[in-house]
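Colleague: Below is a structure I'd like to ask you about.
Every read-out reported here was derived from the displayed coordinates using simple, explicitly stated rules and does not represent laboratory data. Quick caveat, the model's predicted, so the values are computed rather than measured. For neighbour counting, all protein chains shown are included, and Cβ atoms are generated from backbone atoms with ideal geometry for every residue, glycine included.
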Amino acid sequence: MTASEAHRAVDAVWRIESARVIAGLARLVRDVGLAEELAQDALLAALEQWPVEGVPRNPGAWLMATGKRRAIDFIRREQNLRKKVSILGAELDPLGADAPVDDPQEIDDDLLRLVFVSCHPVLSTEARVALTLRLLGGLTTDEIARAFLVSESTVAQRIVRAKKALAKAGVPFEVPAREEWLGRLSSVLEVVYLVFNEGYSATAGDDWLRPSLCNEALRLGRVLVGLMPGEAEVHGLVSLMEIQASRSAARVGVDGRPVLLLDQDRGRWDWMLIRRGLEGLERVRELGGGEGPYALQAAIAACHGRARTAEETDWERIASLYGVLGEVMPSPVVELNRAVAVAMARGPGAGLELVDGLVGVESLKGYHLLPSVRGDFLMKLGRLEEARGEFERAASLTRNGRERTLLLERAADCGAG
């Protein structure tokens, strides 16, 4: 194996395993910031050793075992923690680097603890979400910044301050008492959905999808449903993710290129997931929570899920639901989505009028979907030169290689101008 091949393998494994490794180490050292540092040490060790020794049979276990050894080294330097050294040593022996390290259910519990600890009320809402996305989703500060339409330096500062605040407050690494769950629920749900979104439409890189993130977010959402079955918004979030995930296979062509919603082969949609999502939405209705932001987004997704063909889509209802969502959760991104629905229901001119009202919004200046949507409307109106410029601008703003190619092709379709 060449060094470049080994480095690619390390990167792939890290994206999949980093959250579990950090969560497992945090349970042992009781410090989220320290756990991330130890996990990074394990990553560096992999970058040094795997090109020479090859990728181990169980790379996730290798990273966990290496991280635990780093934890032992750290604790040995802290003379007053000898008892923990003994405990950690017992956990590592007789484990080999290729052996399973933790029981899968225990790993699941660690991840859930990591979510709740990172969403502790000692942190601001913004800091909770940024820290959890960094640890749980393995997202870079750049990816998180683009998700929130803020600068990368702002996100980096939030994460650093969050770790310091948790350490200073001595926050225990455990799921809080049930009576404390509701106080953290909105942040937990936001984080889970943002992790799902990064898997559903990758912010950067060469892949359109990151399925492992979607699967992890769905798994955590379903765990939350089991813990809080009476909370309508938990059901709403899982319903939303299931209906969206049902389209995953159809969103990518055989060559890995993105396939837009209206062009998708709906025979490739996972109708079992859609059925589960619709059942979850019915449970939301029974609980009387249909006006929550996730329930509303799930209702929008359901409009697509119920349409066996693109022509059957009820765009007027989607536009109406986005209008309600904009009142519950005001956001220029929600308004942009409403503009798309209005254009589909009433024509591109109506959509363009709404989008033109968003052009000067500061938070959307670097958001590639604004010029992408505007370009689509202009193209349909026959204003090809303007459309080409919008598609080219959108291509310059996206960090995803697949999406950039698609946008440049759409610009080319508008002619040379």
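Colleague: Could I have the simple spin-label model distance between Arg15 and Val160, label points 7 Å from Cα toward Cβ, reported in nm to one decimal?
Modeller: According to this spin-label approximation, the distance is 2.8 nm.
Colleague: Could you list which residues have their amide H under 5 Å from that of Val252, counting only those 5 or more apart in sequence or on another chain, with H placed in the peptide plane?
Modeller: Correct list: Val259.
Colleague: Moving on. Work out the charge dipole of the chain with +1 on the Cβ of Lys and Arg and -1 on the Cβ of Asp and Glu about the Cα centre, then indicate which of Ala298, Trp181, Pro371 is farthest towards its positive end.
Modeller: Towards the positive end, the residue furthest out is Trp181.
Colleague: Would you work out the charge dipole size for segment 233-369 about its Cα centre, treating the Cβ of every Lys and Arg as +1 and the Cβ of every Asp and Glu as -1, and quote it to the nearest 20 debye?
Modeller: Dipole about the Cα centre, nearest 20: 360 debye.
Colleague: Exactly which trypsin sites (Lys or Arg not before Pro) in segment 221-321 are in a DSSP loop and have at most 12 other Cβ atoms within 10 Å?
Modeller: Arg308
Colleague: Still on this structure, please answer the following. What is the distance, in nm, between label points placed 7 Å from the Cα along the Cα-to-Cβ direction at Lys380 and at Ala167?
Modeller: 5.2
Colleague: If I model a spin label at Glu279 and Val361 as a point 7 Å from the Cα along the Cα→Cβ vector, what separation in nanometres do I get?
Modeller: Taking the two extended label points, one gets 3.6 nm.
Colleague: When only DSSP loop residues count, what trypsin sites (Lys or Arg not before Pro) in segment 323-417 have their Cβ near at most 15 other Cβ atoms within 10 Å?
Modeller: Sparse-neighbourhood loop trypsin sites (Lys or Arg not before Pro): Lys365.
Colleague: Summing -39500 (n - 2.57) over the DSSP H runs of n ≥ 4 in the chain and dividing by its residue number, what mean residue ellipticity at 222 nm do you reach, to the nearest 500 deg cm²/dmol?
Modeller: -23000 deg cm²/dmol, from helical runs alone.
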